[in-house]
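S.K.: Following this message is one structure expressed as structure tokens.
The values are calculated or read from the model by the stated rules, or taken from the named source; none is laboratory data. Quick caveat: nothing in here was measured; it's all calculated off a predicted structure. Note that each Cβ is placed from the backbone with ideal geometry, even for glycine, and that neighbours are counted across all protein chains shown. In case anyone asks, the SASA skips ligands and DNA or RNA and just uses the protein heavy atoms, side chains included. Shrake-Rupley method; radii C 1.70, N 1.55, O 1.52, S 1.80 Å.
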Amino acid sequence: MQNPIYIGNWLLDVHEGTLVDGDVARRLDHTPLQLLLCLIRHAGEDVSKQQLLDEVWPRKVVTEDAISVAISQVRRALGDNARRPAYIKTLPGYGYRLIAAVAEASSPRQPRTGWHWRVPVLLSLSLLLGVTLAASWWLISGKVTSTPVPVETAGSSAPPVIAVLPIGNPGGDADSAALAEGFAEYLVAGLARHTGIRVISHTSSMVYRDTGKKLPEIAEELHASALVEGSVVRRGEQIEFSLRLIDSASDHLRWSKVLLMDKAGRNALANTAEEVATQLAAAVAGEKASLQEAGRAPYLPPEKALAHYQLGRYLLLQAEPEHGRRAVTAFEQALVAAPDFAPAYVGLAQARIRSLGDDSEVRRALPELRQLLEKALQLNPVLADAHLELANLVFLYEWDFPSAERHFKSALASNPSHGLAHFHYSQFLLAMGRFDEAMHEVRAYRTLDPFSYSVPSVAWIYNMMGAYPQALAELDKRMPLQQPSLVHLWSRQAILENMGREEESFRAYLQVLAEMDYGERELAAAERAFAESGLRGFYRWLAFEKRELRNIGQYQAPLSLARYAVAAGEQERALEWLQQALQARQLELLWVAVDPKYAPLRGRPEFTALLRQIGLPQGGSYPSNHP
């Protein structure tokens, strides 16, 4: 195991991707973590932008603004200041240097003894519906109470909420970790097939891995009536799972079970998880809990296939780039052993998407990705994740909106508790100008995935609707919960601009530019342009003098240039750049029909033709309070 690393006052746990300084702990996502590790490897040296691109984004085509965003995220986590750096110094026109002291901790990271490990979530985890396997487990102990006592939801007729916390792996071995992750995922999927309860998404529960938080605190944050916690321990050639159901209101143990599995019996994992899910649902909701049969699938994969599949799922959770390629191999081996195992086709599609670079690579791989997902649905027509992945592909890359909506609806029909399906469907509905439906779906997502609260999705829908005061109020509610991110600064700047509060909007933009490593001379030029002509002058400077091509909150060029030109009053140039964006099939064009940024172009025949070419609604989708 790699030792933790001291960076100034911070202790970096490379395996967990966490930075700790006393009582303060912060997590780095995959890309900023890899960038920080690259700077650590070259501590005290000048590291060029090209070197960062080569080491952090190997064999991928990305622009330098990806570096700026990742540097900004690392600085924010470290509490560093770009103008007065204590950790990362900008080398204008060249790259960066890590200037803080770096030292390896004296002892390796010890295996964790708790059950709440934190790992970065790198992709939408599939809720593996429809996998039922033969049981070969030995149940050592049953429930604490002979008859399950339903958990009460005090003062509410709403169904009780249950959360499955990460299953601990005190031994730290990868095989047990894969089993623990697979079992928790199957358990959430099994619970989601029951009526009478609501299940917190796997992604929300995963963030409590090794946080050290008390169970009552976790329950309060998740608004959960009951929590499932547990651990997996190797006992010679066997694996032991210990599971406990905790009543959140009383903090009392309501149910427990110990499961012992032969190492050769891992193909019983899903079936046993489903049996446990039924017992947990009864313990939480009593007679109100019932199993929906629609989510089941009859296929029984062989032992070897499931072992490869679980390894692939585990690898997709890991931070290092090579794990994505290893996941592809694992899923391919699973399909060699079991060509009719539908979830493995979905896993292979997800792994291939992760291993691809920019959008052009995804487009080139579309025939293969579609074939994998359609094969999964041929084998299991109610596999929610196959529908969701296919919905996103045909929406974002093929612009086949009727087909996309059919698959979004099928995903939610197969698994109404799939939080990410609600979220992605909300973004589709927003693009179609169906604001009320979009708001309904995003609120469902926030209910199922409480940690989505920090994402300004509701604020952005209000902004698109033209309800700017509500958008700003919604955004400001989230600001005290975390340090302002670039996404929040971008959102705030846009909303303030739409409200006509130009001075505040520009000040928010200056924060963005500072985070994006604008130098003093560039910042001064931006301020002069604003002082002369307000935001219109600033945008004219960006489009025609600075010719900014990076994503500084207005997407990538040429779409960003079109947006600057619209705000600068240069409609002809804006329409030219919009056509270039259409030829490049930039994804962000999908929201062009509802984005207030393009309000000055509405009514122009060229803009109406653009909407027709994309396939977006051309009338009736704009609220009356749009500018």
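S.K.: Conditions first: (1) within 23 Å of Asp359 (Cβ to Cβ); (2) surrounded by fewer than 20 Cβ atoms within 10 Å (Cβ to Cβ); (3) not acidic (Asp, Glu). Ser560 passes all but one, so which condition is the exception?
M.R.: (2) is the only condition that Ser560 fails.
S.K.: Here's another thing I want to ask about it. Would you check if there is a residue in segment 592-600 being modelled with pLDDT under 95 and within 25 Å of Glu64 (Cβ to Cβ)?
M.R.: yes
S.K.: Taking the condition of being open to solvent by less than 60 Å² (accessible area, probe 1.4 Å) and not in a helix (DSSP H, G or I), how many residues in segment 563-572 meet it?
M.R.: Just the residues of segment 563-572 that are open to solvent by less than 60 Å² (accessible area, probe 1.4 Å), to begin with: 563-569, 571.
Okay, now just the ones that are also not in a helix (DSSP H, G or I), so 568-569.
Selection size over segment 563-572: 2.
S.K.: Something else now. Of the residues in segment 599-615, how many are in a helix (DSSP H, G or I), open to solvent by less than 60 Å² (accessible area, probe 1.4 Å) and over 20 Å from Phe395 (Cβ atoms)? First the steps, then the outcome.
M.R.: First pass over segment 599-615, keeping only residues in a helix (DSSP H, G or I): 599-601, 605-614.
If we keep only those that are open to solvent by less than 60 Å² (accessible area, probe 1.4 Å) as well, we get 599, 601, 607-611, 614.
Then keep just the ones that are over 20 Å from Phe395 (Cβ atoms); that gives 599, 601, 607-609.
Residues flagged as in a helix (DSSP H, G or I), open to solvent by less than 60 Å² (accessible area, probe 1.4 Å) and over 20 Å from Phe395 (Cβ atoms) within segment 599-615 amount to 5.
S.K.: Can you list residue pairs whose Cβ atoms sit under 7 Å apart, with the first residue in segment 541-563 being more than 21 Å from Arg507 (Cβ to Cβ) and touching a residue at least 12 places away in the same chain (Cβ under 8 Å) and the second being surrounded by fewer than 19 Cβ atoms within 10 Å (Cβ to Cβ) and of a type in the set (S, T, N, Q)? Count only pairs 6 or more apart in sequence or on different chains.
M.R.: Pro558/Gln580
S.K.: Report, by residue number, each residue of segment 22-39 that is assigned to a helix (DSSP H, G or I) and more than 13 Å from Val102 (Cβ to Cβ).
M.R.: Keep residues of segment 22-39 that are assigned to a helix (DSSP H, G or I), which gives 30-39.
Matches in segment 22-39: His30, Thr31, Pro32, Leu33, Gln34, Leu35.
S.K.: So for segment 485-496 (the condition being at pLDDT below 90, on the phi < 0 side of the Ramachandran plot and either surrounded by fewer than 15 Cβ atoms within 10 Å (Cβ to Cβ) or of a type in the set (Val, Ile, Thr) (or both)), does at least one residue qualify?
M.R.: Yes, segment 485-496 contains a residue that is at pLDDT below 90, on the phi < 0 side of the Ramachandran plot and either surrounded by fewer than 15 Cβ atoms within 10 Å (Cβ to Cβ) or of a type in the set (Val, Ile, Thr) (or both).
S.K.: Identify all residues within segment 340-377 that are outside any helix (DSSP H, G or I) and among the aliphatic types (A, V, I, L, M); write none if there are none. Talk me through it step by step, then tell me what you get.
M.R.: To start, the set of residues in segment 340-377 that are outside any helix (DSSP H, G or I) comprises 340-341, 356-358, 365.
Within segment 340-377, Leu356, Ala365 meet the criteria.
S.K.: Please go through segment 528-547 and give me each residue that is over 34 Å from the mean Cα position of the chain (by Cα) and surrounded by fewer than 14 Cβ atoms within 10 Å (Cβ to Cβ), ordered by number. Can you show your working first?
M.R.: First, the residues of segment 528-547 that are over 34 Å from the mean Cα position of the chain (by Cα): 528-534, 536-537, 540-541, 544-545.
The answer is Arg528, Ala531, Glu532, Glu545.
For (1) open to solvent by less than 50 Å² (accessible area, probe 1.4 Å); (2) touching a Leu at 6+ places or on another chain (Cβ under 9 Å); (3) at pLDDT below 85; (4) over 15 Å from Ile167 (Cβ atoms), each residue gets a yes or a no:
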{"position": "Glu221", "(1), (2), (3), (4)": "no, no, yes, yes"}
{"position": "Ala226", "(1), (2), (3), (4)": "yes, yes, no, yes"}
{"position": "Val232", "(1), (2), (3), (4)": "yes, yes, no, no"}
{"position": "Glu237", "(1), (2), (3), (4)": "no, no, yes, yes"}
{"position": "Leu243", "(1), (2), (3), (4)": "yes, yes, no, no"}
{"position": "Asp247", "(1), (2), (3), (4)": "yes, yes, no, yes"}
{"position": "Asp251", "(1), (2), (3), (4)": "no, yes, yes, yes"}
{"position": "Ser256", "(1), (2), (3), (4)": "yes, yes, no, no"}
